[in-house]
Amino acid sequence: MEKIIEVKNLYKSFENVEVLRGIDIDIYRGDVLCVIGASGSGKSTFLRCLNLLEKVDSGEIKLSGEYLFKNEHKILEPKLKAAKAALKAAKKDKSTAADKLLLLEDDYRELKEEYDALYTEERDIAKYIGKNIDLLRQKMGMVFQQFNLFPHLTILRNLTLAPTMLKLATPEEANERALALLERVGLRDRANDYPNQLSGGQKQRVAIVRALCMNPEVMLFDEPTSALDPEMVGEVLDVMKELAGEGMTMIVVTHEMGFAREVANRVIFLDDGVIAEEGSPEELFDNPKSERLKSFLSKVL
Amino acid sequence: MSWFDQLYYTFIEKDGYKYIIEGFGNTLLITFGALIIGVILGVIVAVAKYYSEENPKLKIIRWVCDTYVTVIRGIPITVLLLIFFFVIFASADNGIPVAIIAFGINSGAYMAELVRSGINAIDKGQMEAARSLGLSKWQAMRNIILPQAVKNILPAIGNECIALLKETSVAGYVAVRDLTLASTLIINNTYDFVNPLLLSALIYLALVIIMTKLLSVFEKKLKRSER
């Protein structure tokens, strides 16, 4: 199966708090991946890193085989420093045997070469991404907890702004597509209203449509129902279910365990910045292995 | 002499109306010229500051912006105007362009702080949503952040416009015949102190009222999305 997103050894810290401590996961086309975990476990940060809304510290992210982020030379840095220090100390100490000195020198040189090669490669990747980040982001739609619709624009303009501005569609095409998608979520008659005239559930449905208007390959959902009144959660989840049914690749950070069990084909449990458990919803919800997951599930179910 | 005779003498017989018309024109010219410069400068400085705050490579730009705002806000406009006229543009024989530039640069510093506070007040999620759709930083700034920021700071911009209009009354220091200088010139010609000052005061007041009205109309138009 085709991998859409590949994540390797992802690290991210804020100030001195390590939020993500080495995440590895591959996401395949058509996957509906639910990310669960206690608050502060790094779920949202993980999602935001995929979109590079957060600056990642080190690791690797690939989108459709193309690098979105690669930074491994930083991991080598401490090793390199240690080798350098060892070499220096050995040189100072006159009693060191010549062959040992040679060995240390070789070690250092090897490490340095590896480091330099990585550094150059990653610098070029960073440069390329820096130039093309906006293009790469177009392939990933994002839905936020707080909707983040543009309050000064009508619903229709919210939907068509990006496609027309980025010249992906003519204004007519964009309008047509936006209206068709609005129709599907039952909001066509609100096209000319402003976001603040809508209810929370309606806003979130519009936000999903806004991301869909860009024809993304992956949709990222960051706790899409957490800011909603309980009676509106259903309408948003229905739209997401429909989307999943059509084969859209989705990564959903959520507290809706019912949704995760019903719609997801994979669930990961993040705990303390690492993937503590991974598997099908049945495996995770019915047979949790770790104590942490057991206690988490007992609190939320 | 009745009041009407006095008015006739001051404004018609002694050509007072000509001074007033010229002064009125110059005051408007300086105010709007300075306003345009001020708004453009203010937006540029505010946006430059916004970007340089998150990018350490742009430290110099940030320093330039900070210095501009600090220095300009720290110097009285009259002194600034005199410096512009007698030092920087010492060879200028017409004070009007110099006054426009001086008032514009002065106003820009205040506008910059206004616009910056407006930008900072916009929820971070707006920028993130725009970026997640693939818009560049600048496209997001221009289409999403700035329109909302300007809407929020419109009342404060109105205040700045009014302050600017009234500040132009010191343009006479560099021999620009604005409304204030016009009234003092008429006083010199006629020894009528009351009427020229009263008239110029009324004109300033009328201008401020018109400005306020225009702004509130504009504000209402922008408020549509908040029903």
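The values are calculated or read from the model by the stated rules, or taken from the named source; none is laboratory data. Only a predicted model underlies this, so the values are computations on that prediction, with no experimental measurement involved. Positions of Cβ are backbone-derived with ideal geometry, glycine not excepted, and every protein chain shown enters the neighbour counts.
Selection over segment B:190-227 of residues that are more than 15 Å from residue B:21 (Cβ to Cβ) and either of a type in the set (A, V, I, L, M, F, W, C) or surrounded by fewer than 17 Cβ atoms within 10 Å (Cβ to Cβ) (or both) gives a count of 26. Of all residues in segment B:185-227, those satisfying the criterion of being free of Cβ contacts under 8 Å to residues at least 24 places away in the same chain and outside any helix (DSSP H, G or I) are B:191, B:193, B:227.
Scan segment A:245-262 residue by residue and report those that are buried (at least 21 other Cβ atoms within 10 Å of the Cβ) and not polar (S, T, N, Q). Write out each step before concluding.
Let us first name the residues in segment A:245-262 that are buried (at least 21 other Cβ atoms within 10 Å of the Cβ), namely A:249-254, A:256, A:259-260.
Matches in segment A:245-262: A:250, A:251, A:252, A:253, A:256, A:259, A:260.
Selection of segment A:85-99 for residues being within 20 Å of residue A:111 (Cβ to Cβ) and small (Gly, Ala, Ser) yields A:85, A:86, A:89, A:90. Per the conditions (1) part of a helix (DSSP H, G or I); (2) of a type outside the set (Asp, Glu); (3) within 14 Å of another protein chain (Cβ to nearest Cβ), the sole criterion not satisfied by residue B:135 is (1). Which residue is nearest to the other protein chains (Cβ to nearest Cβ), if the candidates are limited to segment A:146-177 and must be in contact (Cβ under 8 Å) with a residue 12 or more places away in the chain, over 26 Å from residue B:149 (Cβ atoms) and assigned to a helix (DSSP H, G or I)? Only one residue fits best here, namely A:177. Please work out if residue B:48 is without any contact (Cβ under 8 Å) to a residue 60 or more places away in the chain and outside any helix (DSSP H, G or I). Answer is no for this residue.
Given the options A:40, A:30, name the one that is over 14 Å from the mean Cα position of the chain (by Cα), at positive phi, surrounded by fewer than 22 Cβ atoms within 10 Å (Cβ to Cβ) and modelled with pLDDT under 90.
Details: A:30 fails: modelled with pLDDT under 90.
Result of the check over A:40, A:30: A:40.
A single entry from B:39, B:71, B:64, B:43 fulfils the requirement of being part of a helix (DSSP H, G or I) and touching a Leu at 6+ places or on another chain (Cβ under 8 Å): B:43.
A quick yes/no check of all residues on (1) surrounded by fewer than 19 Cβ atoms within 10 Å (Cβ to Cβ); (2) within 27 Å of the chain's Cα centre (by Cα); (3) without any contact (Cβ under 8 Å) to a residue 60 or more places away in the chain:
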{"residue": "B:119", "(1), (2), (3)": "no, yes, no"}
{"residue": "B:124", "(1), (2), (3)": "yes, no, yes"}
{"residue": "B:133", "(1), (2), (3)": "no, no, yes"}
{"residue": "B:154", "(1), (2), (3)": "yes, yes, no"}
{"residue": "B:163", "(1), (2), (3)": "yes, yes, yes"}
{"residue": "B:170", "(1), (2), (3)": "no, yes, no"}
{"residue": "B:180", "(1), (2), (3)": "no, yes, no"}
{"residue": "B:183", "(1), (2), (3)": "no, yes, no"}
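Candidates in segment A:13-27 are the residues that are under 13 Å from the mean Cα position of the chain (by Cα) and in contact (Cβ under 8 Å) with a residue 60 or more places away in the chain; of these, the one that is surrounded by the most Cβ atoms within 10 Å (Cβ to Cβ) is A:20. The listed residues are B:16, B:42, and the only one of them that is under 21 Å from residue B:204 (Cα atoms) and surrounded by 15 or more Cβ atoms within 10 Å (Cβ to Cβ) turns out to be B:16. Any chance segment A:132-144 includes a residue that's farther than 30 Å from residue A:239 by Cα and either surrounded by fewer than 17 Cβ atoms within 10 Å (Cβ to Cβ) or not small (Gly, Ala, Ser) (or both)? Checking segment A:132-144: at least one residue is farther than 30 Å from residue A:239 by Cα and either surrounded by fewer than 17 Cβ atoms within 10 Å (Cβ to Cβ) or not small (Gly, Ala, Ser) (or both).
With respect to the conditions (1) within 26 Å of residue A:237 (Cα to Cα); (2) among the hydrophobic types (A, V, I, L, M, F, W, C); (3) surrounded by fewer than 21 Cβ atoms within 10 Å (Cβ to Cβ), residue A:5 falls short on a single one, namely (3). Here residue B:97 fulfils each of the conditions (1) at negative phi; (2) surrounded by 19 or more Cβ atoms within 10 Å (Cβ to Cβ) apart from (2). Filtered by the rule that a residue be within 13 Å of chain B (Cβ to nearest Cβ) and in a loop (DSSP other than H, G, I, E, B), segment A:178-222 gives A:192, A:193, A:194, A:198, A:213, A:214, A:215, A:216, A:217.
Here is a check on your reading of the model: is residue A:47 in contact (Cβ under 8 Å) with a residue 60 or more places away in the chain, touching an Asp or Glu at 6+ places or on another chain (Cβ under 9 Å), within 15 Å of residue A:125 (Cβ to Cβ) and of a type in the set (A, V, I, L, M, F, W, C)? Walk me through it before giving the result.
On the way: in contact (Cβ under 8 Å) with a residue 60 or more places away in the chain: yes; touching an Asp or Glu at 6+ places or on another chain (Cβ under 9 Å): yes; within 15 Å of residue A:125 (Cβ to Cβ): no; of a type in the set (A, V, I, L, M, F, W, C): yes.
For residue A:47, the condition - in contact (Cβ under 8 Å) with a residue 60 or more places away in the chain, touching an Asp or Glu at 6+ places or on another chain (Cβ under 9 Å), within 15 Å of residue A:125 (Cβ to Cβ) and of a type in the set (A, V, I, L, M, F, W, C) - is not met.
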